[in-house]
Amino acid sequence: MSFSSPPTIVPETKTDTPRLSGRLGVASIVLIVVAAASPLGVIGGTVPLAIAGGNGAGLPFIYLLATGILLLFSVGFTTMTPHVPTAGAFYSYIERGLGRRAGLGGAFVALLSYLALEAGVYGLFAPAVDEVVRAYGGPSLPWWFWAAAALAAVAWLGHRNIEVSGKVLAVLLVAEVVIVLALDAFIVFGGGGPEGLSTGFVTPSTVLSGAPGIALLFAILSFIGFEATAIFRDEARDPDKTIPKATYLALIMVGGFYALSTWLLISAWGDGTIVQKATDAPGTLLSETTALYLGTAGSHIVQVLLATSLFACILSFHNIGSRYFFQLAGRDVFPRKLAGTHARHNSPHLASMADNAVVALFLLAAVVAGWDPIVQFYTWFAGFASLGIMVLMTLTSVAVLVFFRRRQAAVSDWKRSVAPALGFVGLLAILALILQNLPSLVGNSTALAVAVVVLILVCFAAGAVIASRHRSGQKAAR
């Protein structure tokens, strides 16, 4: 009996699939993925819900914990990047570690999750725009009118080079971050609210009060979109260096921004008051705080920027979704035509059209069914997307561990096993929390929660079956 050492990893550099090209730097990729997280939307929407239903004044600590878990995940994710030559993000990593069937199953789950999230955000964006228009004396129009207008704008931008979208996202993202940081500065220099600056996030009894598990769930959901840095691999300048830097920078920036702004939002009202305030009026907590510190003008600016923030979020998820279509078409999973690039803009224009077509169908279904854009359409679709993306992150962690266990690589144990294993444990705990609370994420419906789980399993199985058939077809052709 003979023994052989594990094969040494040789990073792959060639693929037989069509590829996009571009010169996106670290800053451009960070702007795209941070915009997908919609920082202003999180501070104005997710944070009040996390305060009310989670652990109250201890929430900033939870955001720091969530950032730590995702940084651990990113250690393995970025260490594996040089060995994943295709720009398929999660599914490419899963395929390299767990095989083609698991990879393509993950691709189907990822695509539908991002499409659902992109479509669902229209349900938040349209009412937000309508509110701004009515506040300035304009007419009240059906929510689908504003959704259709945004769909047209996204189609126009998606048809062009990614750098055009990057510039638009940069302007919108900077504007929303600046207004929140201005509010933060006024609260700090004002010494906080009636109770001074909050100390809840460093008080163990406060951090563990209420439902810290629910707070962690909301915190993790606030980061969705950061992991898409790898989807822009082909359009990145020196991707083996750019992608890891962009991933870490996006996480640290978003996590720090959330923790800081949440701490100061709590400070504005006080540790003893914030939970009741967030419970009574979660939807207006940010605007009321802004009016208190920046006046009526500041409140109006926040109202406008919330709408633009949600548009930036839609555009970011559109860029991600269209690139999933492009990559899968290049592998003959979808019609090969969708892997074509525009002669002038070098954009995945046909894949972009496919993305918009699916989202348009989702919007049409919501309108015909008479769903409420926020309570039903957004909530249901976001619930599905949240579970789907968390499943993918957990599978990616497993793929990283399996990949480096089977092969030798010139990387430390921390990068190849310790950090990925710790990240996997954290993600698995969060996945369990999502499954436990899934009914509340989809309109308090147990039947709908079961349907979401079944749909994700069906998507994964469909991808695995298609992968098997492709392999069988290739063997027959030989």
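The values are calculated or read from the model by the stated rules, or taken from the named source; none is laboratory data. Quick caveat: nothing in here was measured; it's all calculated off a predicted structure. Quick reminder, even Gly has a Cβ in these numbers, built from the backbone with ideal geometry, and neighbours come from all protein chains shown. When the accessible area is computed, the model is the full protein with side chains, heavy atoms only, and any ligands, DNA or RNA have been set aside. Shrake-Rupley method; radii C 1.70, N 1.55, O 1.52, S 1.80 Å.
Yes or no: residue 148 surrounded by fewer than 21 Cβ atoms within 10 Å (Cβ to Cβ) and of a type outside the set (Lys, Arg)? Give the steps one after another, and end with the answer.
Working: surrounded by fewer than 21 Cβ atoms within 10 Å (Cβ to Cβ): yes; of a type outside the set (Lys, Arg): yes.
Taking the combined requirement at face value, the residue satisfies it.
Do you know which of the residues in region 127-144 that are aromatic (Phe, Trp, Tyr) and surrounded by 13 or more Cβ atoms within 10 Å (Cβ to Cβ) is nearest to residue 367 (Cα to Cα)? The selected residue is 144.
Within region 177-198, the set of residues being part of a loop (DSSP other than H, G, I, E, B) and of a type outside the set (D, E, K, R) comprises 190, 191, 192, 194, 197, 198.
Would you call residue 13 touching a Pro at 6+ places or on another chain (Cβ under 9 Å), at pLDDT below 85 and farther than 22 Å from residue 393 by Cβ? Give the derivation first.
Numbers: touching a Pro at 6+ places or on another chain (Cβ under 9 Å): yes; at pLDDT below 85: yes; farther than 22 Å from residue 393 by Cβ: yes.
Against the criterion (touching a Pro at 6+ places or on another chain (Cβ under 9 Å), at pLDDT below 85 and farther than 22 Å from residue 393 by Cβ), residue 13 qualifies.
Here region 202-252 is the region considered, the condition is being within 22 Å of the chain's Cα centre (by Cα) and of a type in the set (S, T, N, Q), and the residue that is farthest from residue 73 (Cα to Cα) is 242. Could you tell me whether residue 425 is open to solvent by 30 Å² or more (accessible area, probe 1.4 Å), assigned to a helix (DSSP H, G or I) and free of Cβ contacts under 8 Å to residues at least 12 places away in the same chain? Against the criterion (open to solvent by 30 Å² or more (accessible area, probe 1.4 Å), assigned to a helix (DSSP H, G or I) and free of Cβ contacts under 8 Å to residues at least 12 places away in the same chain), residue 425 qualifies.
Would it be correct to say that residue 299 is touching a residue at least 60 places away in the same chain (Cβ under 8 Å), touching a helix residue (DSSP H, G or I) at 6+ places or on another chain (Cβ under 6 Å) and hydroxyl-bearing (Ser, Thr, Tyr)? Break it down into steps so the answer makes sense when it comes.
On the way: touching a residue at least 60 places away in the same chain (Cβ under 8 Å): no; touching a helix residue (DSSP H, G or I) at 6+ places or on another chain (Cβ under 6 Å): yes; hydroxyl-bearing (Ser, Thr, Tyr): yes.
The answer is no for residue 299.
Residues in region 268-283 that are within 23 Å of residue 223 (Cα to Cα) and among the small types (Gly, Ala, Ser) were compared, and the one that is surrounded by the most Cβ atoms within 10 Å (Cβ to Cβ) is 278. Of 339, 307, 291, all but one fail to be open to solvent by less than 30 Å² (accessible area, probe 1.4 Å) and touching a Gly at 6+ places or on another chain (Cβ under 9 Å); the exception is 339.
Looking only at region 342-351, decide whether some residue is over 27 Å from residue 85 (Cα atoms), over 18 Å from the mean Cα position of the chain (by Cα) and open to solvent by 50 Å² or more (accessible area, probe 1.4 Å). Lay out the reasoning, then the answer.
Step one: filter region 342-351 for residues over 27 Å from residue 85 (Cα atoms), giving none.
No, every residue in region 342-351 fails to be over 27 Å from residue 85 (Cα atoms), over 18 Å from the mean Cα position of the chain (by Cα) and open to solvent by 50 Å² or more (accessible area, probe 1.4 Å).
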